[in-house]
Amino acid sequence: MDRREIAALLAYIGRLDPRTIRVEGEARDQLAQWHDLLGDVPMVTPNGWDARVAARQHIRVSPYPILPADIARPWENYRRDRLARHTDPAPSVDPDDQAAWTAELAGTRRAVATGSAQPARYRAIASGRNDPELQVRLRQVGSCIPPEARAALAPYRPARAAREAAVAQGQPDALAVRCEWCLAQAGEPCRSRRIGPDGAARGTAPRAKPHPGRFDLAAARQAQESEQAQQPALA
């Protein structure tokens, strides 16, 4: 703020809190003091900051006369919040030009901090809306893992390979339900107990195939879902 804006701010504060009004000689000193302390704080920015709002908020909730710090503190909080929400997008200049790259990066941060530009945020990973072109591409590809890579990985993840083979053959997905025998959660492979020489359990090891009871639970769940899906059609 320049001296004219500081004077306008002090006049506005004086209307809200007459205790801050000074006589002519004191008013000059007050104006000089506030300008020295708030010279780098803008009066208004295009994106949400207004020094008069900060002053009005202080006068509304505090019984103490307003000081320059009561304007500067909200301004620093405003700057800090905007920079915390900024993600530093890549500058548009040649990355090999280090000076230009640094200058544009610093300029963007400065514009965000001072309220001249909005913070650049990352796009949401899941926005609830599917891109039609992405859906078409996924249907063409079928899977993000090529069949050759999936076959090569099968020996190293037997549980996943068995699950995919069962689903491909139309069998129930056993890993979609919780195992009542080993208490493996849905999506996790079943585990077998390791028994020591003394007959006590020493640990568990993942099984390539789920326990038989888990297959029965998955089959029952699949039959129930199929029956529920047919009910509206029958009605």
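The values are calculated or read from the model by the stated rules, or taken from the named source; none is laboratory data. None of these values were measured; they are calculated from a predicted model. Cβ atoms come from the backbone with ideal geometry, glycine included; neighbour counts cover every protein chain shown. All accessible areas refer to the heavy atoms of the entire protein, side chains included, with ligands and DNA or RNA removed. Shrake-Rupley method; radii C 1.70, N 1.55, O 1.52, S 1.80 Å.
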Next item on the list: Have a look at Arg80, Arg85 and point out the one that is under 30 Å from Arg3 (Cβ atoms), exposed (fewer than 14 other Cβ atoms within 10 Å of the Cβ), within 24 Å of the chain's Cα centre (by Cα) and not hydrophobic (A, V, I, L, M, F, W, C).
Entry: Arg80
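How about region 162-175: which of its residues are farther than 13 Å from Pro206 by Cβ and open to solvent by less than 40 Å² (accessible area, probe 1.4 Å)? I'd like the intermediate steps shown before the answer.
Step one: filter region 162-175 for residues farther than 13 Å from Pro206 by Cβ, giving 164-174.
If the condition is that a residue be farther than 13 Å from Pro206 by Cβ and open to solvent by less than 40 Å² (accessible area, probe 1.4 Å), then Ala166, Pro172, Ala174 are the ones that fit.
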Next item on the list: Determine whether region 123-133 contains at least one residue that is farther than 30 Å from Met43 by Cα, exposed (fewer than 13 other Cβ atoms within 10 Å of the Cβ) and either modelled with pLDDT of 90 or more or among the basic types (Lys, Arg) (or both).
Entry: yes
Check: Which members of region 34-51 meet the condition of being out of contact with any strand residue (DSSP E or B) (no Cβ under 9 Å at 6 or more places or on another chain), open to solvent by less than 30 Å² (accessible area, probe 1.4 Å) and either more than 17 Å from Ile13 (Cα to Cα) or in a loop (DSSP other than H, G, I, E, B) (or both)?
Finding: Val41, Thr45, Trp49
Next item on the list: Spot the failing condition for Leu67; the list is (1) hydrophobic (A, V, I, L, M, F, W, C); (2) under 29 Å from Tyr122 (Cβ atoms); (3) open to solvent by 70 Å² or more (accessible area, probe 1.4 Å); (4) at pLDDT 90 or above, and only one is missed.
Entry: (2)
